[in-house]
């Protein structure tokens, strides 16, 4: 039995859910998100909560049960609070700035890196060394953060590069004479 799948997903006030077939649509103050579940589970809305139940006792049905419940919970979190990732830039001369729908990154290359901001997320730079990525889709927010970080990953000797706010970089000792 899935301990995660057994718990129904509570819908806070201001959030509505509608099920049509295997697709659930969640509407909230930040927007609308939908998820299509596989045929191995059944989605139902009752008593201001969404419940997911498996169809059968197969291994795949039990796998999809917990995963589908987590996807629905992420939809509810996305339309109520939203998701965010914070990046910080370390290095002399490394900085970021938002200009319209473009994030300009100075990362020590001979040219500035222009990163086009997708429509699903908003990017803010409170300081030139901090980047805040926000959106209602957890997957898109995480992917955008990973794409930005990929331009200059933190290196282990001086720690220069783009890192997540709470990321620990294992530091190495340099050459010895």
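The values are calculated or read from the model by the stated rules, or taken from the named source; none is laboratory data. What you see is a predicted model, and the numbers here were worked out from it, not measured in a lab. All Cβ positions, even for glycine, are placed from backbone atoms using ideal geometry, and neighbour counts span all protein chains on display.
Before moving on, here are some points about what is shown:
- Checking the stated criteria, residue 28 turns out not to satisfy the condition of being over 23 Å from residue 136 (Cβ atoms) and in contact with a helix residue (DSSP H, G or I) (Cβ under 6 Å, 6 or more places away or on another chain).
- Residue check for residue 61: over 23 Å from the mean Cα position of the chain (by Cα), in the same structural domain as residue 14 (by TED's automatic domain parsing), in a strand (DSSP E or B) and farther than 23 Å from residue 144 by Cβ: no
- Positions within the range 1-24 being assigned to a strand (DSSP E or B) and either closer than 12 Å to residue 69 by Cα or touching a helix residue (DSSP H, G or I) at 6+ places or on another chain (Cβ under 9 Å) (or both), in sequence order: 9, 10, 17, 24
For every residue, the table says whether it meets (1) over 30 Å from residue 9 (Cβ atoms); (2) in contact with a strand residue (DSSP E or B) (Cβ under 7 Å, 6 or more places away or on another chain); (3) buried (at least 17 other Cβ atoms within 10 Å of the Cβ).
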residue	(1), (2), (3)
75	no, yes, yes
102	yes, yes, no
115	yes, yes, yes
136	no, yes, yes
141	no, yes, yes
150	yes, no, no
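- Of all the criteria given as (1) within 12 Å of the chain's Cα centre (by Cα); (2) touching a residue at least 40 places away in the same chain (Cβ under 8 Å); (3) part of a helix (DSSP H, G or I), the one not satisfied by residue 143 is (2).
- Residue count for the range 146-165, restricted to those that are more than 18 Å from residue 101 (Cβ to Cβ) and under 17 Å from the mean Cα position of the chain (by Cα): 6.
- With respect to (1) crowded, with 16+ Cβ neighbours inside 10 Å; (2) assigned to a helix (DSSP H, G or I); (3) within 18 Å of the chain's Cα centre (by Cα), the lone exception for residue 87 is condition (2).
- Residues of the range 25-43 satisfying the condition of being surrounded by 14 or more Cβ atoms within 10 Å (Cβ to Cβ), in a strand (DSSP E or B) and touching a residue at least 24 places away in the same chain (Cβ under 8 Å): 26, 27, 28, 31, 33, 35, 41, 43
- Output for the range 155-169, where each listed residue is assigned to a loop (DSSP other than H, G, I, E, B) and either in contact with a strand residue (DSSP E or B) (Cβ under 8 Å, 6 or more places away or on another chain) or under 20 Å from residue 145 (Cβ atoms) (or both): 155, 159, 160, 165, 166, 167, 168, 169
- Of all residues in the range 120-136, those that are within 15 Å of residue 83 (Cα to Cα) and either out of contact with any helix residue (DSSP H, G or I) (no Cβ under 6 Å at 6 or more places or on another chain) or part of a strand (DSSP E or B) (or both) total 9.
- Lone unmet requirement of (1) part of a loop (DSSP other than H, G, I, E, B); (2) in contact with a strand residue (DSSP E or B) (Cβ under 8 Å, 6 or more places away or on another chain) for residue 109: (2)
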